[in-house]
Amino acid sequence: MAITLEMLDTPGLVKLVITGQASRIDHVVHINRLDGMIRSGRMRALLVDASAAELLGKDSFSHEVWDALFTVIRDMPFAYLPPKGHETPERRAMIDTLVREWDGRYREFDSCDAALAWCRDMLSAGE
């Protein structure tokens, strides 16, 4: 398992890559890093590539991670490449509820190129 964080060539665009199964501590550490980047003005849009991640084992843990992430990014543009098995009715309902609760600008993508293009469009539009 690994979580990596990288600044992309577009100012304000950050990419978080999750592979394998990340622990609660891994998620907390990286969400805190994102918070610092937002507070410093270095991050204005987020792309999370979880296409090689394993789904979190418990729904409550998954909800906790997603809620913590939205607490930090709020309505910032957020592109997501989900892992296999992501699309269950329960998981969809949990994510949809959080997106509505936080007025999130969230979109899921099948390709990194499409996700990058959307984030760049959002940033160039001043979103």
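Per-structure values
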quantity: The range 12-25, subset open to solvent by 40 Å² or more (accessible area, probe 1.4 Å) and in contact (Cβ under 8 Å) with a residue 24 or more places away in the chain, residue nearest to Glu64 (Cα to Cα); calculated: Arg24
quantity: Pick from the range 97-127, criterion open to solvent by 80 Å² or more (accessible area, probe 1.4 Å), of a type in the set (Lys, Arg) and in contact (Cβ under 8 Å) with a residue 12 or more places away in the chain, ranking: nearest to Leu81 (Cα to Cα); calculated: Arg107
quantity: Residue count, the range 1-24 (criterion: more than 24 Å from Arg44 (Cα to Cα) and of a type in the set (Val, Ile, Thr)); calculated: 0
quantity: Residue ID - nearest to Phe78 (Cα to Cα), chosen from residues in the range 7-42 that are part of a loop (DSSP other than H, G, I, E, B) and aliphatic (A, V, I, L, M); calculated: Leu8
quantity: Tally, over the range 70-85, of residues that are open to solvent by 20 Å² or more (accessible area, probe 1.4 Å) and more than 20 Å from Ala125 (Cα to Cα); calculated: 5
quantity: Criterion: buried (at least 16 other Cβ atoms within 10 Å of the Cβ), more than 19 Å from Glu87 (Cα to Cα) and touching a His at 6+ places or on another chain (Cβ under 7 Å) - qualifying residue of Ile3, Ile31; calculated: Ile3
quantity: Matching residues in the range 1-29 - criterion: being closer than 20 Å to Met94 by Cβ and touching a helix residue (DSSP H, G or I) at 6+ places or on another chain (Cβ under 9 Å); calculated: Leu16, Ile18, Ala22, Arg24, His27, Val28
quantity: Subset tally (residues that are exposed (fewer than 12 other Cβ atoms within 10 Å of the Cβ) and either among the β-branched types (Val, Ile, Thr) or at pLDDT 95 or above (or both)) for the range 86-96; calculated: 1
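Every residue, every condition in (1) among the polar types (S, T, N, Q); (2) closer than 16 Å to Ile25 by Cα; (3) more than 12 Å from the chain's Cα centre (by Cα); (4) open to solvent by less than 40 Å² (accessible area, probe 1.4 Å), yes or no:
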site	(1), (2), (3), (4)
Ser40	yes, no, yes, no
Ser51	yes, no, no, no
Leu55	no, yes, yes, no
Ser60	yes, yes, yes, no
Asp67	no, yes, no, no
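The values are calculated or read from the model by the stated rules, or taken from the named source; none is laboratory data. Since this is a predicted model, take the numbers as computed values, not measurements. We place every Cβ from the backbone using ideal geometry, glycine too, and count neighbours over all the protein chains shown. Ligands, DNA and RNA are excluded from the accessible area calculation, which covers all protein heavy atoms including side chains. Shrake-Rupley method; radii C 1.70, N 1.55, O 1.52, S 1.80 Å.
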